[in-house]
Amino acid sequence: MSTRPLSAPLLDAALVGISLLDVWAHVDASEPLRMACALAASFALLPRRRLPLLTFLLTLPSVLLSDAVFAALAALYTLASLTRRRTLLAVCAVAFTLSDMTSLPSPDFDFSTPSTFVTLGYTAATAAAPVFLGQLVQARRDLSLRLAEISRARDHERQLTAQTVLAKERTALAREMHDVVSHQVSLIAVQAGVLQVGSRDADVRQAAATIRRLSVQTLDELRHMVSVLRASGGRPTELIPQPSLADIPQLVDNSGIEAELHTDLSGSLPPPVQRAIYRTIQEALTNVRKHAPGAKATVRVRHEDTTLRVTVTNTAPTRPALPLPSAHYGLVGLRQRAELLGGTVTCGPTADGGYQLCLELPADGGEQRVWP
């Protein structure tokens, strides 16, 4: 954070004070004209940043009439640090040199003696010093601004590079999902349809119908996800349609396991809360189907005071679970989703050998981030 608004007035006051000391040291109080010009030059430094050229011109009479030159040198430095007109700076430096060498009211230019040229060189060097210093400060300021612009440009370039790499990765992922996963799920749906038609066992036909229906739903979701991934780089694509409380009964009925639903919630909850409840039940039922074959599940969704409580409890499995691939990210994602809404997810085994997952959310749904 810049401190210039606070330090600039103090610096101006310090310059005025030093200039007044210069006046006290070089101007006799018995000479009112010179004293007035010197004092005017000192206080003219106050608006030096807003009116640098006018400030310098107001300090020249003090240089012409007295030896109090500090105010003029400060004004010349300010002008050099703010203007880019080199010709103007040269003229001002020459004006200071001639004014400092002139002794009004009786000017004396005697170029017949070497001392005059020595004085001229010394005075010209004195005038050139604040000009060069001011130009150096201006160049440093321009360089800092240029470096800041380069830094911003590099940051922007890195962001564009990262976005380009991400877009390529998402495109490759979409291609793999379309060419590999979708193809395999399509084969599952076809084989399930063949089994549904060709089997004489009612239970087998029902299981095949369930597999076929779930495969078709998975294909639809995969196609939508592929379209979302391929839309990277364009406008944000909404993951639609979003599940809500109204979709929970269908989710439970199509879970492929024996499950009961007990709920007293309405559809007036915020959409992120409804999605969190739906995804929690979906993940819990999927885990029951994968890890507890033959178990029965009970889903309870309750509104208790200021808390929404969702529990999914399953009985002990009746047969061994098949070894299925799992990345173990499901529960982690549920906990993160719940934390973003101000809630918690707990889970663990029950006394009868089953398992229970519990989601608790505040009823007001303190949303911090929208999850799909």
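The values are calculated or read from the model by the stated rules, or taken from the named source; none is laboratory data. Computed from a predicted model, the values in this text were never measured in an experiment. All Cβ positions, glycine included, derive from the backbone under ideal geometry; neighbour counts span all protein chains shown.
Before moving on, here are some points about what is shown:
- Residue in region 321-336 that is modelled with the lowest pLDDT, counting only those that are surrounded by 10 or more Cβ atoms within 10 Å (Cβ to Cβ) and farther than 24 Å from GLU360 by Cα: SER326
- Filtered by the rule that a residue be outside any helix (DSSP H, G or I) and of a type in the set (Gly, Ala, Ser), region 7-41 gives ALA29, SER30.
- Only one of the numbered conditions (1) touching a helix residue (DSSP H, G or I) at 6+ places or on another chain (Cβ under 6 Å); (2) part of a helix (DSSP H, G or I) is violated by LEU46, and that is (2).
- Beta carbons closer than 7 Å, at least 6 apart along the sequence or on distinct chains, pair a first residue in region 38-53 that is hydroxyl-bearing (Ser, Thr, Tyr) with a second that is assigned to a helix (DSSP H, G or I) for SER42/VAL16; SER42/SER19; SER42/LEU20; SER42/VAL23; SER42/ALA71.
- Any hit, region 121-134, residues being over 30 Å from ARG48 (Cα atoms), at pLDDT below 90, loosely packed, with under 13 Cβ neighbours inside 10 Å and outside the structural domain of ARG49 (by TED's automatic domain parsing): no
- Within the set ALA208, ALA189, ALA202, the sole residue that is modelled with pLDDT of 75 or more, surrounded by fewer than 17 Cβ atoms within 10 Å (Cβ to Cβ), of a type outside the set (Val, Ile, Thr) and over 33 Å from the mean Cα position of the chain (by Cα) turns out to be ALA202.
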